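Below you'll find the structure, written out as structure tokens, and then a few comments.
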Amino acid sequence: MAIKEVGIIMNGVTGRMGTNQHLIRSIVAIREQGGIELSNGDKIMPDPILVGRREHRLKELADQFNLSRWTTDVEEALADDYNQIYFDSQTTVRRAEGIRRAIKAGKHIYCEKPTAESTEEALELAMLTKEAGVKNGVVQDKLYLPGLLKLKRLIDSGFFGEMLSVRMEFGYWVFEGDWQEGQRPSWNYRKEDGGGIIVDMFAHWRYVITHLFGNIKSLSCMGATHIDKRIDENGEEYTCTADDAAYGTFELDNGVIVQANSSWAVRVNREDLLTIQVDGTEGSAVAGLRDCKIQHRVNTPKPVWNPDIPNPFDFQSQWQDVPANQEFDNAFKVQWEMFLKHVVADEAYDLDLLEGAKGTQLSDLALKSWSERCWVDVPALELQEASR
């Protein structure tokens, strides 16, 4: 058995997602389990070098997790041939330039989304990786959440019969920062810094809808900035210039209609921060982040509208839980393991920068729909469309 060490430049690792999901729950967790075993018995051992602008925080993280490598000089890390992969979880406005430099240095690319600030720039990055011959991937973590994996199992089994419609509800109340500290960074609410829930969430909705329910044909979107003033990390009031809620409807090629509400200004009265209800001729399901419940056609109650009497139905009790039947690992870690196997052992992998560009395209079209107050078609996106 051979141990194959893989140097990974982790740029932006001091941010919320970079620290929690990518460093602690993915790379550190993989190291603590002894690496990733390949089919031939060899193991992949990720060896990260932490990169960021805050030297004290990098050192703090390295010491906490017994890591020896960190730097504030990304060019130094890129110049080291030992580092095979460049990972980027910086803010969106910094990501494309970081990826360009890493491609030029011959590194394989793995990054958060959105991959760029426009569809054209996202396509350019995908084309650059193709020309350079480097492997690339984009984080699409929600595909590996336990609740959505159970939902995918139902779809693959034919449980729904003819699928009719999907309703997705995402969001929670993000405090304004005056009497309670906000749970999200202030840049999320400034358009000029790459903020906005459409830019943030529609990249997710693109891959969730496409991989589970079908190809998106057209969409309509209404955005809103419900809360126009917030308090930043320094206690200063600022004006919110980006949308904090979006209300989208998607028409799929197969006739399924998907509604997706996304909001950072909604109080949760549902079973999870994300719920997805799928209705079909033979049955329905509601999936959250971890759980999924179903109601088959033969178990569907027959309520009659009568507002003059108390509701006689306990609707919640009429659904059945979908069993796990397996152990589910952290969604981010699962995809990291897939990408590392792709780089080291050339295992199949298709969640690449072109897929990331399709997410950016959906965000751009949603913003266009909102601005022009109209339905817009979603054209196929091909790599040869990139122009530089």
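The values are calculated or read from the model by the stated rules, or taken from the named source; none is laboratory data. Note that the structure is predicted; figures quoted are calculated from it, not measured. Every residue, glycine as well, gets a Cβ built from its backbone with ideal geometry; the counts of neighbours run over all protein chains shown.
Just a few scattered comments:
- Condition check for Ala224: small (Gly, Ala, Ser), surrounded by fewer than 19 Cβ atoms within 10 Å (Cβ to Cβ) and within 30 Å of Gln180 (Cα to Cα): yes
- Count - residues of region 319-366 that are touching a strand residue (DSSP E or B) at 6+ places or on another chain (Cβ under 6 Å) and farther than 29 Å from Thr119 by Cβ: 6
- Considering residues of region 136-164 that are among the small types (Gly, Ala, Ser) and more than 22 Å from Ala357 (Cα to Cα) only, the residue surrounded by the most Cβ atoms within 10 Å (Cβ to Cβ): Gly147
- Yes/no for Ile209 being buried (at least 18 other Cβ atoms within 10 Å of the Cβ), farther than 17 Å from Ser263 by Cβ and either touching an Asp or Glu at 6+ places or on another chain (Cβ under 6 Å) or of a type outside the set (Ser, Thr, Tyr) (or both): yes
- Some residue of region 115-131 being touching a strand residue (DSSP E or B) at 6+ places or on another chain (Cβ under 6 Å) and not β-branched (Val, Ile, Thr): no
- Single residue of region 1-50 satisfying the filter (closer than 19 Å to Lys113 by Cβ and among the aliphatic types (A, V, I, L, M)) that is modelled with the lowest pLDDT: Met17
- Under the condition of being surrounded by 17 or more Cβ atoms within 10 Å (Cβ to Cβ) and either within 30 Å of Ala324 (Cα to Cα) or acidic (Asp, Glu) (or both), the residues counted in region 165-190 number 6.
- Of the candidates Arg206, Arg153, Arg190, the single residue that is touching a helix residue (DSSP H, G or I) at 6+ places or on another chain (Cβ under 6 Å), of a type in the set (D, E, K, R) and either at pLDDT 95 or above or not assigned by TED's automatic domain parsing to the domain that holds Leu273 (or both) is Arg206.
- Looking across region 231-257 at every residue that is touching a Ser or Thr at 6+ places or on another chain (Cβ under 8 Å) and assigned to a loop (DSSP other than H, G, I, E, B), the one that is nearest to Pro379 (Cα to Cα) is identified as Val256.
- Restricting attention to region 290-304, the residues that are surrounded by fewer than 16 Cβ atoms within 10 Å (Cβ to Cβ) and assigned to a loop (DSSP other than H, G, I, E, B) add up to 6.
- Residue count, region 312-337 (criterion: in contact (Cβ under 8 Å) with a residue 60 or more places away in the chain and in a helix (DSSP H, G or I)): 7
- Residue-level analysis places Arg53 outside the set of residues that are assigned to a helix (DSSP H, G or I), assigned by TED's automatic domain parsing to the domain that holds Tyr110, under 26 Å from the mean Cα position of the chain (by Cα) and farther than 15 Å from Val139 by Cβ.
- Matching residues, region 305-354, being exposed (fewer than 10 other Cβ atoms within 10 Å of the Cβ), farther than 17 Å from Leu149 by Cβ and acidic (Asp, Glu): Asp308, Asp314, Asp346, Asp350
- Restricting Ala287, Ala260 to residues that are in contact with a Lys or Arg (Cβ under 7 Å, 6 or more places away or on another chain), assigned by TED's automatic domain parsing to the domain that holds Val166 and among the small types (Gly, Ala, Ser) narrows the list to Ala287.
- Residues within region 258-275 that are of a type outside the set (A, V, I, L, M), over 19 Å from Ile155 (Cβ atoms) and part of a strand (DSSP E or B), tallied: 3
- Filter result (over 29 Å from Ile85 (Cα atoms) and loosely packed, with under 15 Cβ neighbours inside 10 Å) within region 355-386: Lys368, Ser371, Glu372, Arg373, Cys374, Trp375, Asp377, Pro379, Ala380
- Exclusive hit being more than 28 Å from Asp200 (Cα to Cα), free of Cβ contacts under 8 Å to residues at least 60 places away in the same chain and touching a Phe, Trp or Tyr at 6+ places or on another chain (Cβ under 7 Å), set Ala79, Ala2, Ala62: Ala62
- For Lys107, the criteria (1) of a type in the set (D, E, K, R); (2) under 17 Å from the mean Cα position of the chain (by Cα); (3) surrounded by 20 or more Cβ atoms within 10 Å (Cβ to Cβ) hold in every case but one, which is (2).
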